Amino acid sequence: MKKSFQSSRDVIIRTKAWAEATKFYGIVLGLKVSHRSNTMKGFETGSFCLYVEKGEDHGPVFEFLVPDVEAAKRKLLAAGCVVVEEDPSLPRCYVRDPYGIVFNIGQSGPAE
């Protein structure tokens, strides 16, 4: 039986100080760049991939992959979670749980 919620290795932060942040993770910590675009840079840490995105500051966002994003969203909202950001074009649906953790609900791949 496939798990309903499965974490990915992705953690994302967003900051207006993008150049400084990417320099810190790449030079000070010496993390290898695994993804590069005009607005986002990914760093391989070993256990997870840290993505640093340009934009309004927010703390770390973890990711859970699910077979049905809309069903998962309904389940989470019924359990007291709130949507803090949603952009289907990415796709992105950031949810804050009742205990303050923010995570993205992403679409998992086909069942194996």
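The values are calculated or read from the model by the stated rules, or taken from the named source; none is laboratory data. Computed from a predicted model, the values in this text were never measured in an experiment. A quick note on method: Cβ atoms are made from the backbone with ideal geometry, for glycine too, and the neighbour counts reach across all protein chains shown. Side chains are part of the model used for accessible areas, which takes the heavy atoms of the whole protein and leaves out ligands, DNA and RNA. Shrake-Rupley method; radii C 1.70, N 1.55, O 1.52, S 1.80 Å.
Observations on the model:
- One residue from Val28, Val11 being at pLDDT 95 or above, in contact with a Ser or Thr (Cβ under 9 Å, 6 or more places away or on another chain) and of a type in the set (Val, Ile, Thr): Val11
- Members of region 14-68 found to be in contact with an Asp or Glu (Cβ under 7 Å, 6 or more places away or on another chain) and part of a strand (DSSP E or B), listed by number: Arg14, Thr15, Lys32, Ser34, Met40, Cys49, Tyr51, Glu63
- Residues that are outside any strand (DSSP E or B) and open to solvent by less than 60 Å² (accessible area, probe 1.4 Å), drawn from region 69-89: Val69, Ala71, Ala72, Lys73, Leu76, Gly80, Cys81
- Count of residues meeting criterion [within 20 Å of Ser7 (Cβ to Cβ) and exposed (fewer than 13 other Cβ atoms within 10 Å of the Cβ)] in region 36-59: 3
- The numbered conditions (1) surrounded by 11 or more Cβ atoms within 10 Å (Cβ to Cβ); (2) more than 29 Å from Lys73 (Cβ to Cβ) are all true for Ile27 except (1).
- In region 90-110, residue nearest to Ser8 (Cα to Cα) [restricted to those that are open to solvent by 80 Å² or more (accessible area, probe 1.4 Å) and at pLDDT below 90]: Gln107
- Candidates in region 90-112 are the residues that are outside any loop (DSSP other than H, G, I, E, B) and β-branched (Val, Ile, Thr); of these, the one that is nearest to Phe5 (Cα to Cα) is Ile105.
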